[in-house]
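These notes are about the structure you will find just below.
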Amino acid sequence: PRWGRGQETYGEDPYLTAKMGVAFVKGLQGDDPKYLKLVATPKHYAVHSGPEHARHHFDVQPTERDVWETYLPAFEATIKEGKAVSIMGAYNRVNGDPACASPTLLVDILRDQWEFEGYVVSDCGAITDIYRNHKTTATAAEAAALAVNAGCDLECGETYSALGEAVRLGLIDEETIDRSLVRLFTARFQQGMFDPEEDVAYAQIPISVNDSAEHRALALETARESIVLLKNESNFLPLAKSINTIAVIGPNADDPEILLGNYNGLPSTSVTPLQGIQALATAADTHVTHAQGCTVFKEDRSGFAEAVEIAKNADVIVFVGGLSQALEGEEGQQEGLPPGLVSRGDRVKISLPDIQEALLQKLYEETGVPIVLVLLNGSAVAINWAHDHAHAILEAWYPGEEGGSAIAEVLFGEYNPGGRLPITFYKSEDDLPAFEDYHMQGRTYRYFEGEPLYPFGYGLSYSRFEYSNLALSQTQLGENDTLTVTVDVTHAEGPAGDEVVQVYLSTDDTNYPLRQLVAFARVYLAPGTTNHLAFEVSADQLTRVLDDGSRTLEDHSFTIFVGGGQPGHANGLQATVRSIGE
């Protein structure tokens, strides 16, 4: 959660990341039998998750078990199942070799094992890092030759301009360079770049579709589905119709930049949380007041008095806080920030910024008005005080151009939240291993033995769902077997809404993850209805990853849990299944 670029990922779980990544790659590349819509490029390959300040010289030393159990599965899926045509190498070294010049990563695994036929591109400046920061080579020519020989076909940077010198020095031959050129031009041919535009369906898509009503509706639906209800004391939400005045307070309430996160396009218009609340409040004949109160992190309390004053005259406080690109992002990032400001990259503390915590406590102590906390952030925040004192908490992430409308719809009950956390919310950074230690012991829900603030897979709803009739097609799985898990999910109470049904395997044996997600489905249920669901779990998902990175199916017993979250943290049913080794 300290990594500033965690917001760019699909979370901490390799299975979930693989599923989302494959879908994203397929969507980007399209389904035309001849042409690609565009080239999808999963990144950063491999074993790359901070810290930002060390990425240009850091040598990651993971175990082979961690590499194959955690760090590679999503990449493997996007290449083998998603058919990604490109992949981007990371800045860091992995077990001594720069990732963009690693024969192990780029040849042994990517080409030989996964049969990748596309091209490899470096992260920007990563080839320069080989000789300037990693000191793997002494010169630019040596670095360029090392990378191309290993299979890094395209550079984002300038070091490949030394390839001519590298050829003259005998560090690389022209046939190897031609190999990369063929890969690169193949991708261009696949996009129809040299064909008449009228023959390429994707070339007919006008730019006007980007900022269209259809796409804004999709942005709204995406924001709705991503919101996670973390707390709802005594069913405080949705807001009662009798509420006359809402005080909207906080640094992220009316800042359109905050909605976007990093690496984004710029929408023509955006709806902030304040604007979204105002729009629905007007329809409900509810008055809305507003005060910023404080900035995201600067120690300036000059706005506290105004915030307290408007809060005293309100029926509910909606505090919109969290983080921003100033606190989490890429090293040196300026996008999404005021002129002259540069992102800090990673966080040292995972708590809510002190100034926001102080304002929340002052509002609580001096007004007695119920508080609804809305978080806009890209990674986990330890909101321990709010967990104990706020009436309700919404995690809205960086929700995009229609984020304010989606937040308001959830607050007013026009949309029933169904999102689930793709990451663990810890109580403190003290629960985390050292940042530069890439061993998985104690990391993520799969290996963490402590008590989280909010677990991976967690999320509340305005509805209640019940599980029944759990059945397994078999109780023992041998090699090449597939287990079918069926269950009935019934909408028992509340408005229509979505339930995210999750399937986990768990065991006390530390040779395996303590628990792991193996299947999931998001289903919509009207009041009183039942949905019969079937999930498939392969024998490969029950394998053990050995210390050398290989997988083996051993005789072992697992608990299989099906419910609305992790076992021990959600309503659900469980059974026992056993893997049978050779």
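The values are calculated or read from the model by the stated rules, or taken from the named source; none is laboratory data. Because the structure is predicted, anything quoted here is derived from the model rather than measured. Note that each Cβ is placed from the backbone with ideal geometry, even for glycine, and that neighbours are counted across all protein chains shown.
Worth pointing out:
- For region 441-472, filtered to residues that are closer than 30 Å to Glu64 by Cα and more than 18 Å from the chain's Cα centre (by Cα), the residue that is surrounded by the most Cβ atoms within 10 Å (Cβ to Cβ) is Phe448.
- If you filter region 419-430 down to residues that are out of contact with any helix residue (DSSP H, G or I) (no Cβ under 9 Å at 6 or more places or on another chain) and surrounded by fewer than 19 Cβ atoms within 10 Å (Cβ to Cβ), you find that the one that is nearest to Asp498 (Cα to Cα) is Glu429.
- Selection from region 117-127 of residues that are crowded, with 23+ Cβ neighbours inside 10 Å and part of a loop (DSSP other than H, G, I, E, B): Ser122, Asp123
- Qualifying residues in region 95-109 (those that are surrounded by fewer than 24 Cβ atoms within 10 Å (Cβ to Cβ) and in contact with a helix residue (DSSP H, G or I) (Cβ under 7 Å, 6 or more places away or on another chain)) - the one farthest from Leu146 (Cα to Cα): Val107
- Filtered by the rule that a residue be acidic (Asp, Glu) and either assigned to a helix (DSSP H, G or I) or over 29 Å from the mean Cα position of the chain (by Cα) (or both), region 149-167 gives Glu158, Glu165.
- Filter result for Leu266 (under 21 Å from the mean Cα position of the chain (by Cα) and not charged (D, E, K, R)): yes
- Residues in region 281-304 that are of a type in the set (A, V, I, L, M, F, W, C), over 12 Å from Val248 (Cβ atoms) and assigned to a helix (DSSP H, G or I): Ala283, Phe304.
- Count - residues of region 168-182 that are buried (at least 19 other Cβ atoms within 10 Å of the Cβ) and either of a type in the set (D, E, K, R) or under 32 Å from the mean Cα position of the chain (by Cα) (or both): 1
- Residue count for region 152-205, restricted to those that are at pLDDT below 95 and within 20 Å of Ile130 (Cα to Cα): 0
- So Gly265, is it without any contact (Cβ under 8 Å) to a residue 60 or more places away in the chain, out of contact with any strand residue (DSSP E or B) (no Cβ under 7 Å at 6 or more places or on another chain) and small (Gly, Ala, Ser): yes
- His48 at pLDDT below 95, buried (at least 22 other Cβ atoms within 10 Å of the Cβ), part of a loop (DSSP other than H, G, I, E, B) and outside the structural domain of Asp540 (by TED's automatic domain parsing): yes
- Top-ranked residue in region 333-356 [being touching a strand residue (DSSP E or B) at 6+ places or on another chain (Cβ under 7 Å) and not aliphatic (A, V, I, L, M); ranked as modelled with the lowest pLDDT]: Ser351
- Leading residue by the ranking (surrounded by the fewest Cβ atoms within 10 Å (Cβ to Cβ)) among those in region 128-148 that are in a loop (DSSP other than H, G, I, E, B) and touching a Phe, Trp or Tyr at 6+ places or on another chain (Cβ under 8 Å): Ala138
- Scanning region 12-36 for residues that are in a loop (DSSP other than H, G, I, E, B) and buried (at least 16 other Cβ atoms within 10 Å of the Cβ) turns up Glu12, Asp13, Tyr35, Leu36.
- Just one of the listed residues (Val410, Val369) is assigned to a loop (DSSP other than H, G, I, E, B) and in contact (Cβ under 8 Å) with a residue 40 or more places away in the chain, and it is Val369.
- Tabulated pairs, region 428-448, first within 21 Å of Asp59 (Cβ to Cβ) and without any contact (Cβ under 8 Å) to a residue 40 or more places away in the chain, second of a type in the set (Val, Ile, Thr) and in a loop (DSSP other than H, G, I, E, B), C-beta under 8 angstrom, 6+ apart or interchain: none
- Flag not set for Arg544, criterion: surrounded by fewer than 22 Cβ atoms within 10 Å (Cβ to Cβ), within 23 Å of the chain's Cα centre (by Cα) and within 27 Å of Pro452 (Cα to Cα).
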